[in-house]
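Working notes for the structure below.
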Amino acid sequence: MHTDLDTAAISRARFLGLGAISGVTALGLLARPSTAPAAVPHPTGDDEGYLQVGLTGERILASFYSRAAHAPGFTAGERRRLAATGSLRRENVRRILMALAETPASDLAGLVVDIPRSALHTRGRVLRLGQELEGTLQGAYVRGLGGTADPATRILLARLLASCAQQLQALQSMAGMPSPSGLPGVGGLESAGRTFDRYLRTPASP
């Protein structure tokens, strides 16, 4: 489900040159609604691989947040935030599918999301898993910004990265951790694939 794409590191100058804005707060500007017509992505070559990894991560996170909203240990306001984030991640899935010109029926090639119940038994476990998933996907999106050929696909990845960074910051805040500063780290797509594979199974699997 993951693809073997280039894993060379992206320098700070390269990252900024691609239009990714330094800092989580500035990245949030990309997530705000725009009145300008959105450019239509036309992914080519490795672009599709980056989007497929993003699609997998967004599907897993959509399921995670929907279930996390019912986990014990959260306030009513936190539950609303988690549920709203689940809706946001489902919208991200729709946006990626549109870019890939696919339908929901082909999403994940028949695989289903399978997050163990034990990972959602306590507030601490929920927040740890959420940070792992968000951090993994964020790193994959940063990697994609460095290798995407189609400008409109790069814009889509930048907006998805902004969303991911904001939600990671929210989880860290719930866990009482300080907000991160500087640029997000670059992640490997193969390592992201291995992480996401742990939360996928075929419908026939027990």
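The values are calculated or read from the model by the stated rules, or taken from the named source; none is laboratory data. None of these values were measured; they are calculated from a predicted model. When we count neighbours, we look across all protein chains shown, and the Cβ atoms used for this are built from the backbone with ideal geometry, even at glycine. Quick note on the areas: whole protein, heavy atoms, side chains included, nothing else; ligands and nucleic acids left out. Shrake-Rupley method; radii C 1.70, N 1.55, O 1.52, S 1.80 Å.
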Return the carbon/sulfur percentage of the accessible area of region 35-95, one whole number, probe 1.4 Å, all protein chains in place. 57 percent
Quick one: with all protein chains in place, what share of the accessible area of region 111-206 is carbon or sulfur, to the nearest percent (1.4 Å probe)? 52 percent
Quote the charge dipole size of region 48-206 about the Cα centre in Debye, to the nearest 20; the model charges only the Cβ of Lys and Arg (+1) and of Asp and Glu (-1). 540 debye
Set the Förster radius R0 to 30 Å, insert the Cβ-Cβ distance between Ala39 and Asp197 as r into 1/(1 + (r/R0)^6), and round the FRET efficiency to 0.05. 0.40
Using a simple spin-label model with points 7 Å from Cα along the Cα→Cβ vector, what separation in nm is obtained for Ser173 and Arg125? 2.7 nm
Three-way shape call for region 51-206 based on the alpha-carbon gyration tensor, with the a/c threshold at 1.5: oblate
With a ≥ b ≥ c the root eigenvalues of the C-alpha gyration tensor of region 128-206, is it rounded (a/c under 1.5), prolate (a/b larger than b/c) or oblate? oblate
Two-decimal Rg/Rh across region 47-90, once Rg and the Kirkwood Rh are taken from alpha-carbon atoms: 1.13
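Charges at C-beta only: +1 for Lys and Arg, -1 for Asp and Glu. How large is the resulting dipole of region 135-206 about its Cα centre, in Debye rounded to 20?
60 debye
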Give me the accessible area per residue for region 61-164, probe 1.4 Å, as a whole number in Å². 41 Å²
